[in-house]
Amino acid sequence: MNSQPPATDGLDPRTNRRRAILYGLAAVVSLIGLGDSIYLAVEHMAGRSVRCTIVHGCSAVLSSPYASFRGIPLALIGAGAYFTVFSLATLAAFEYKFAARLLVFVVAGMLLVTLWLLYLQAFVIEAFCQFCLLSALVTLALTVIVFVARRSSVREL
Amino acid sequence: MKRALPFIIILVVLVSASAVAWSLKESATNDPPTPTPTVAPSNSASPAAPTRSVPPGAEPPNAIGPATAPVTLEEFGDFQCPPCGLLHPVLKKMEQEFGDRVRVIFREYPLVPTHKHALHAARAAEAAGLQGKFFQMHDMIFENQKAWDKAFDARLIFEDYAQKIGLDMEKYRKDVTSQAVEQRIFLDGKRAHALGVQGTPTVFINGREIPFQSLEPGKLRALISNELAAAGY
């Protein structure tokens, strides 16, 4: 792991505290996404929720060819992404600067994928899955939090 | 200690997430009732469910293919279930490829209330069945699933299908709400329940449940061929 010491930036302690809270919040929010993705990935791999058992929309979405990427369930990739966000946000909360920078790119990538998946659900599959919508909501929340945290850092520098 | 703390937190979350995933996977594997221990390879059918106390379902069943066919595929389906709609062309393909060597039975298992039109669709198909046109209606309903799926009241659309396939409309309207139709759906549901059907589509091959993942043309073809070979065909 990077041995870079936590950066103090010489900033106002209140700013550092605010940033730490925002990144901590991002870490907590990403855990919601992680839980959601793990549930979906396990259900997908068990081949259970793609059958009609509980939710109509989820069956349609998860049984569509868009639910996997090269044979890997999209939810599993999502779980990996949320874990990455959690790790980076935690490190950023402890003032690891590289993590804060990397977090912006990861969350931006996730936002683009989320928008694409929302488009697929709305216009191609024509069904919405509430677990996928929850994931989209989490990504949008992460985008806002990370944006606010970065803005406060940049403003103070 | 402060420097190590975030890494400890990340590690704890990683371990917890793995544990949650593992326990979810275990519960997903254990949830479907397994009447006898599963020893079959993953792409083959599960062992036969016990036949004792399993009701036969509606008689005669809605079936394509001769009763003497060496392979019987029995589907428990819901007309409003998207995966059932996706399975429909796959089973059609199997019917065409294997002809008289395969018998395909469709059993009603409308998932009420999840699918609000499923029961109406089942009634419409069964009412058509009383006029000897079950599969014409069955095909019509599945092939147009997207057209009626979001309708406010799909019954009018089914009436339209009934007309298109040339049903006696007066009889159809009477049958669609009849006790005979209700009873057939109920009997299929009782059989599904006794066999431990958890969702739709669930397909049995010669009495053994086919894993959901095997309901695609390649694997299904292989399963049918194996059954035919075992029967000396």
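None of the figures in this text is laboratory data; all of them are computed from the coordinates on show. Remember, it's a predicted structure, so these values are computed and weren't measured experimentally. Please note: Cβ atoms are built from the backbone with ideal geometry, for glycine as well, and neighbour counts cover all protein chains shown.
List of remarks:
- Considering only chain B, percent of DSSP beta bridges that pair antiparallel, nearest 5: 60
- Inter-label distance, nm, simple model (7 Å from Cα along the C-beta direction), B:E170/B:A4: 8.9
- Longest site-free stretch - chain B; sites: trypsin sites (Lys or Arg not before Pro), DSSP loop, at most 14 other Cβ within 10 Å: B:53-149
- Nearest-ten-degree value, helix B:82-98 long axis tilted from longest Cα axis of chain B: 60
- Using the Cβ-Cβ distance between A:W116 and B:Q96 with R0 set to 35 Å, the FRET efficiency from 1/(1 + (r/R0)^6) comes to roughly 0.40.
- The angle between the Cα long axis of helix B:134-143 and the longest principal axis of the Cα atoms of chain B comes to about 50 degrees, rounded to the nearest 10.
- Here each label is just a point 7 Å from Cα along the line to Cβ, and for B:E59 and B:D153 those points are 3.8 nm apart.
- Degrees, to the nearest 10: B:179-195 long Cα axis against longest axis of chain B: 30
- Pairs over the 27 Å Cα-Cα cut-off, from the set B:K116/B:K190; B:K25/B:K116; B:K150/B:K174; B:K93/B:K164; B:K116/B:K219: B:K25/B:K116; B:K116/B:K219.
- Cβ-derived FRET efficiency at R0 41 Å, B:S23 paired with B:S178, nearest 0.05: 0.30
- The stretch between A:R101 and A:L137 holds 10.7 nm of extra length on full extension. This uses 0.36 nm per residue minus the Cα-Cα distance.
- Tail beyond 32 Å, pair distance distribution of chain B (Cα, percent): 29
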